[in-house]
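The values are calculated or read from the model by the stated rules, or taken from the named source; none is laboratory data. From a predicted model like this one, the values you see are computed outputs, not experimental measurements. Cβ coordinates were reconstructed from backbone atoms using ideal geometry, including for glycine residues, and neighbour counts include every protein chain displayed. Accessible surface areas use protein heavy atoms only, side chains included; no ligands, DNA or RNA. Shrake-Rupley method; radii C 1.70, N 1.55, O 1.52, S 1.80 Å.
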Amino acid sequence: MALLLTVYLTPPPHPVRGLAELLNISKPAITRALDRLGMLGLARRKRDEVDRRSVLVQRTVQRLGLPIGILRDHGQGGRRL
């Protein structure tokens with residue numbers, strides 16, 4: 001959940017390494033979470049054009065409303081989660 005909210009609520013770019021440091025979790029944990037978010041259509045990976053070694057995480061437009069709904073529900077005490 002923290003990864004999803006970070007990607008949707010903070011301005012890009014979101015390099016995998018930076019997200020791992022920011023959230024204080026390992027890069028493999030970020031990769032596993034991104035695999036799941038990718039399957040759900042909530043995020044995707046993209047190779048950084050400037051530094052080809054780096055992978056950036058992008059939010060998807062198709063599912064933009066879902067994280068907003070999660071935030072709204074969470075703000076109401078998480079009753080609908």
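Close contacts from segment 26-49, counting a first residue that is farther than 16 Å from PRO13 by Cβ and a second that is hydrophobic (A, V, I, L, M, F, W, C) and open to solvent by 60 Å² or more (accessible area, probe 1.4 Å), with Cβ to Cβ under 8 Å and a gap of 6+ residues or different chains, come to LEU42/LEU66.
Of the residues making up segment 2-22, those that are touching a residue at least 12 places away in the same chain (Cβ under 8 Å) and either outside any helix (DSSP H, G or I) or more than 11 Å from the chain's Cα centre (by Cα) (or both) are PRO12, PRO13, HIS14, PRO15, ARG17, LEU22.
Restricted to segment 56-65, and to residues there that are assigned to a loop (DSSP other than H, G, I, E, B) and open to solvent by 30 Å² or more (accessible area, probe 1.4 Å), the residue that is modelled with the lowest pLDDT is ARG63. From the list ARG53, ARG45, the one residue that fits, being modelled with pLDDT under 95, surrounded by fewer than 12 Cβ atoms within 10 Å (Cβ to Cβ) and not in a helix (DSSP H, G or I), is ARG53.
Hey, can you tell me all the residues within segment 1-58 that are on the phi > 0 side of the Ramachandran plot and among the polar types (S, T, N, Q)? Once the filter is applied, which keeps residues that are on the phi > 0 side of the Ramachandran plot and among the polar types (S, T, N, Q), segment 1-58 yields only ASN24. If you go through segment 1-39 and keep only what is among the aliphatic types (A, V, I, L, M) and exposed (fewer than 12 other Cβ atoms within 10 Å of the Cβ), you end up with MET1, LEU9, MET39.
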